[in-house]
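The values are calculated or read from the model by the stated rules, or taken from the named source; none is laboratory data. Quick caveat: nothing in here was measured; it's all calculated off a predicted structure. Neighbour counts are summed over all protein chains in view; Cβ atoms, including those assigned to glycine, are modelled from backbone coordinates with ideal geometry. Accessible surface is based on the protein model in full, side chains and every heavy atom, while ligands, DNA and RNA are left aside. Shrake-Rupley method; radii C 1.70, N 1.55, O 1.52, S 1.80 Å.
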Amino acid sequence: MLQVVFTELNDNSIKKFERIDFVEAVKQTMILEQKYREEKKIISGSFYLIESENDSTALYTGTFKFGSRYAPNLYIHIKKKLEEIKMNRQQQRDRIELIAKMEDGLPEIYKKEEVIENAHLLNLNVSRISRLKKWQRRSIYALTGLLGLALIGTIFYMVMLVAQYDVAYSKEQDKLAAQGKQLDIYEQGLLGKHDALLDYFKANKINLSDEEKKIYANLLLKDRKYKELVSLYNNDSGYIATMISKQGDMDALRAFDKNFPSNEGKFDLFYADKKYNELLAVKDVDMTVKRSEMKTYALMKTGKIEEANAELANNNNKDLKAKITQYEKLSKELKEFNEAIKVAKNSKKAKEVKALSKKKTDLEKQFNAI
């Protein structure tokens, strides 16, 4: 989950040096931007963007100028800034990935870019212009228009110069155009139009980078196109089962394992179904840290404490270590209760048997809840 931290802002509406969920930050910046537009003021707010799982690395740092009309909210601000930066191919992919993270869970109302009429006049002091004579006002507006035409003329001149370059430059332009088309396909995919993106990945399957492969795989997973997914990873159904398991969708894993069975799929499904003996019987499994934790827990639940402690060395999970200690303690106490109940029964002490049995039942609840 993305979070935003403002480090400098002369407005108490947004607290400084506090983590704010990205969606909430977008909402607050939209309110603040509108406020300063109406007041015809501009204030700066420095911020950085992080992922809640990562405390040290800033994904993006910047300054939002509230009231400047550059962007209606923080999402549009960051997106526009990223689009203005000249990037290489890898940076463009990083940009697309960051935009996708920002759009995850963001309501559509905050994604819409605004169109401001006569944007080139926004920075003119309208109150001063209105006091000028009619011919003076016309001169100012005409000058603004001429500046725009001059800019267009400069661009046209540059285009004419570019047209004189040699064939090598033309080829480079074709390459850039192809990259631009590729980025358009990516951006369409981010907007929810996945068909073009899927067709692109399918046509270029052999030449995909690792990052593109992951995006393609996630799209295929989302549509449950398991046959194409398995083909993408050279029929390694165990690897795909691991991918699905990481997402926590056990229903999807069951559907996949039915047609593409693997030891990894069986292992994870047995754990989800609390079939610990069956889990321990599965061999030749790609033992990730997560599966090592599953195996440790399964060994504990089946009473194999010594083996559970041995497996614990492979994952160093402190919570599991505490559970094993608690399991051993309660197991010992239950044995002591069983002995005490046996003695009380032999002595025909019914009340004592009843009291001990009640305590044993409470203890068993704790034991089974571990």
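Charging the Cβ of each Asp and Glu at -1 and of each Lys and Arg at +1, and nothing else, the dipole of the stretch 299-359 about its Cα centre rounds to 580 debye.
Provide the FRET efficiency to the nearest 0.05 for the Lys246-Asp94 pair, computing r from the beta carbons and using R0 = 25 Å.
On the way: r = 22 Å, r/R0 = 0.87.
Efficiency for this residue pair is about 0.70.
Of all aspartates and glutamates in the structure, the ones whose alpha carbon falls short of 12 Å from that of Lys304, not counting any fewer than 8 places away in one chain, are Glu328.
Using 0.36 nm times the number of residues separating Asp362 and Thr325, minus their current alpha carbon distance, what extension gain do you get?
Details: separation 37, 0.36 × 37 = 13.32 nm, distance 1.84 nm.
Between Asp362 and Thr325, full extension yields 11.5 nm more.
Specify which residue in the list Thr361, Val343, Leu330 is farthest towards the positive end of the charge dipole of the stretch 329-370, using unit charges on the beta carbon of Lys, Arg (+1) and Asp, Glu (-1), about the Cα centre. The residue sitting farthest along the positive end of the dipole is Val343.
Place the peptides 101-112, 264-275, 249-260 in order of packing, highest mean first, counting for every residue the other Cβ atoms within 10 Å and averaging per peptide.
On the way: 101-112: 13.8, 264-275: 19.7, 249-260: 15.8.
Top of the packing list down: 264-275, 249-260, 101-112.
For the stretch 231-370, the solvent-accessible area with a 1.4 angstrom probe is 63 square angstrom per residue. Once both labels are positioned 7 Å from their Cα atoms along Cα-to-Cβ, the gap between Ser209 and Ala350 label points is 8.0 nm. Taking a straight Cα-Cα cut-off under 20 Å and skipping sequence neighbours fewer than 8 places away in the same chain, the lysines within cross-link reach of Lys111 are Lys27, Lys35, Lys65, Lys79, Lys80, Lys81, Lys101, Lys193.
For the peptides 314-324, 68-78, 27-37, what is the packing order when you average, over each peptide's residues, the other Cβ atoms within 10 Å and list the highest mean first? Kindly include the intermediate steps, with their values, before the conclusion.
On the way: 314-324: 14.7, 68-78: 21.0, 27-37: 18.2.
Going by the mean number of other Cβ atoms within 10 Å, highest first, we get 68-78, 27-37, 314-324.
Take the Cβ atoms of Ser46 and Asn316, set R0 to 45 Å, and the FRET efficiency comes out at 0.70.
Order these peptides, 238-247, 359-368, by their mean beta-carbon neighbour count within 10 angstrom, highest first.
Working: 238-247: 19.6, 359-368: 12.7.
Averaged packing, sorted descending, gives the order 238-247, 359-368.
The fraction of accessible area contributed by carbon and sulfur in the stretch 256-321 is 46 percent, rounded to a whole number (1.4 Å probe; ligands and nucleic acids excluded).
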